[in-house]
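Colleague: Attaching a single structure in structure tokens format; questions to follow.
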Amino acid sequence: MRNNGSGTTVSRREFARLFAAGGCATVIAGEGWTHAQTPAFAGDPSAGEKFWESVRAQFVMAPGLAVMNAANLCPAPAPVIATLERETSHVDRDPSPQNRARLSQAREATRRALANFLRVTPEEIVITRNTSESNNLVSNGLTFKAGEEVVIFSDNHPSNNQAWIEKGKRFGFGVRIVEQKNPHPGAAYYIDAFTRALTPAVKLLAFTHLTNTVGDLFPAKELCALARERGVLTLVDGAQTFGWMDVNLRDLDPDFYSGSAHKWPCGARECGVLFVNARVHDRMSPASYSAYPGAVGISRRLEAFGQRDEATMIAFAEALAFQEKIGRPAIQQRSAALATQFVEGAARLPGFQLFTSTDATRRGPVVTFVPGTLDRTKLVAVLYERHRIGLATGGGAGRSGVRVSPHVYNTAAEIDRLLAALAGYVRSGL
Ligand SMILES: Cc1ncc(COP(=O)(O)O)c(C=O)c1O
């Protein structure tokens, strides 16, 4: 038996099957767990489950493990891990300035890949550590004063809301909160709620494209247009849409958009992005001054964080390429379809309550539910221990639930397995 690093053992037979499936282009060695990279997808998304199973085979999770927690952290596929390991050892084998010189070029290549992915220019991209840092670069970089206001949404992440509230106290500007309404009442409700909140004192609107609490999807393009007409800046927190949705920032047209590599893009951990629209570059002050800034546009002023880990950035670009290889519209549809499969099954379970909208146009692949009278914390523990299914508790303030967030490495069979396990516990208790 082999340990896969998450406590699961993988039999020799399973291991041999994985290894044989791969064609052995690259072998990734970890904590006692070895996995062969599988270079070829089985056809394209039109091949259905067969294709998606070949996508799953590129991830090093043990075959029996079904982790559906993409809203929190996604695993990187084999090509991304291989890139990270190769680039890390490249520096450790020869840390001379001469050998490292090409890394600053590689960092700029990642910037270009990010710009391409988000359909903007490299001059508008800052490579950060994660969404938290990206959001804080905005609240630290803009200057608001007493009498001015920022509008936030109640379900924004603390890196957004707490940051604005604390900075409001420090610099004297006001913060107005638009409350979440559950279940999602539709785009028109929020367009109206934000229209009423955008008084002449308001200078910035910060909302989340898709909430991590219950998966509410926001009409981002309409809200950005609404704000722009009123001279209000927009910060769109894209932690849950970057790498899930086929986002086109030129079309969405926010002033700022933030995201993390280690969520839906399945990149390496501790890398992120901040898009800063060219029209607001002159409004931004750096939050950090140091050596080694980025080479172009706003990154020259905002991205001076000292010594960086270029290996992570190069692996980030590899993750974006992996997504392009699958096809971004296909990724968006697949994750949403898995969520729909779960929503439809959960809605049939007696006593289950969904915090997430049953209307597929109002949600993304983040679904939160109350499992009837079952203890949610115990349920999450039991699902992992007995069924090898990894979910999270969550739901946001006043909405204590269980969260399911499936991605391309999950399969329709895993969703069925989860629903069957839930149905069993509804019948017989935990
Ligand atoms: C909407 C949203 N914003 C920001 C974050 C923070 O992301 P990170 O921990 O990668 O900085 C999260 C994390 O779950 C999130 O869901």
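Each reported figure results from applying straightforward, stated rules to the coordinates on display, with no laboratory input. Please read all numbers here as calculations on a predicted model, not as lab measurements. Here Cβ is always computed from backbone atoms with ideal geometry, including for glycine, and neighbour counts include all displayed protein chains.
Colleague: Which of 333, 58, 162 moves most in a GNM of the chain, Cα contacts under 10 Å?
Modeller: Fluctuation is largest for 162.
Colleague: May I ask you to derive the relative contact order of the stretch 319-430, considering only C-alpha pairs under 8 Å and at least 6 residues apart, and to give it as an integer percent?
Modeller: Averaging sequence separation for qualifying contacts and normalising by length gives 28 percent for the stretch 319-430.
Colleague: Which shape class applies to the chain: rounded if a/c is under 1.5, otherwise prolate when a/b exceeds b/c and oblate if not, where a ≥ b ≥ c are the square roots of the Cα gyration tensor eigenvalues?
Modeller: Oblate.
Colleague: Moving on. Pick out which of 131, 143, 411 has the largest mean-square fluctuation in a Gaussian network model of the chain, springs linking Cα atoms closer than 10 Å.
Modeller: 143
Colleague: Which value, in debye to the nearest 20, gives the size of the charge dipole of the stretch 328-430 about its Cα centre, when Lys and Arg are +1 and Asp and Glu are -1 at the Cβ? Don't jump to the answer; show the numbers that get you there.
Modeller: Details: 13 positive and 6 negative charges, 23 e Å.
Charge dipole, the stretch 328-430, about its Cα centre: 120 debye, nearest 20.
Colleague: If the only charges are +1 at each Lys and Arg Cβ and -1 at each Asp and Glu Cβ, what is the size of the charge dipole of the chain around the Cα centre, to the nearest 20 debye?
Modeller: Roughly 380 debye, rounded to the nearest 20.
Colleague: Now for a different question. Here are some pairs, 50/221; 145/221; 145/263; which of them have Cα atoms lying more than 32 Å apart in this structure?
Modeller: 50/221; 145/263
Colleague: What helices does the chain have that are whole DSSP H segments, at least 27 Å long along their own axis by Cα, and with mean Kyte-Doolittle hydropathy of 1.6 or more?
Modeller: none
Colleague: Another question, then. Taking a quarter of the surface of the convex hull around the Cα atoms of the stretch 166-267, what do you get in nm²?
Modeller: 7.2
Colleague: While we're looking at this one, here's another question. Starting at the first residue of the stretch 248-264, write each ³J(HN,Hα) from the Karplus equation 6.51 cos²θ - 1.76 cosθ + 1.60 with θ = phi - 60°, in whole Hz, x for Gly and Pro.
Modeller: Result, ordered by residue: 10, 5, 5, 7, 5, 6, x, 7, 9, 9, 10, x, 10, 5, 8, 9, 4 Hz.
Colleague: Further, regarding this structure: Just name one of 268, 372, 306: the one whose Cα is farthest towards the positive end of the charge dipole of the chain (beta-carbon charges, Lys/Arg +1, Asp/Glu -1).
Modeller: 372
Colleague: Taking a ≥ b ≥ c as the square roots of the eigenvalues of the Cα gyration tensor of the stretch 201-335, is the shape rounded (a/c under 1.5), prolate (a/b larger than b/c) or oblate?
Modeller: Taking the square roots of the gyration eigenvalues as a ≥ b ≥ c, the stretch 201-335 is oblate.
Colleague: Report the net charge of residues surrounding residue 381, where surrounding means a beta-carbon distance below 14 angstrom and charges are Lys +1, Arg +1, Asp -1, Glu -1.
Modeller: Details: positive: 376, 378, 386, 388; negative: 375, 385.
Every neighbour counted, the sum reads +2.
Colleague: I've got another one for you. When we measure straight from the Cα of residue 167, which aspartates and glutamates land under 14 angstrom away, once same-chain ones fewer than 8 places off are left out?
Modeller: By straight Cα distance, residue 167 reaches 148, 149.
Colleague: Which of the three applies to the stretch 148-213, rounded, prolate or oblate, going by the alpha-carbon gyration tensor with a ≥ b ≥ c and a/c under 1.5 meaning rounded?
Modeller: It is oblate, given that a/c is not under 1.5 and a/b is not larger than b/c.
Colleague: Moving on. Report, ordered by chain and residue number, the aspartates and glutamates lying within cross-link reach of residue 325, taken as a straight Cα distance under 18 Å and ignoring same-chain residues fewer than 8 apart.
Modeller: Filter leaves 44, 49, 53, 246.
Colleague: Looking at the chain, what % of its DSSP beta bridges pair antiparallel, to the nearest 5?
Modeller: In the chain, DSSP labels about 55 percent of beta bridges as antiparallel.
Colleague: So, one more: Among 199, 284, 254, which residue has its Cα positioned farthest towards the positive end of the charge dipole of the stretch 188-295, with +1 placed on the Cβ of Lys and Arg, -1 on the Cβ of Asp and Glu, and the dipole taken about the Cα centre?
Modeller: Of the candidates, 284 comes out farthest on the positive side.
Colleague: Give me Rg/Rg_expected for the stretch 55-183, where Rg uses Cα atoms only and Rg_expected = 2.2 N^0.38 Å with N residues.
Modeller: Expressed relative to 2.2 N^0.38 Å, the Cα Rg reads 1.46.
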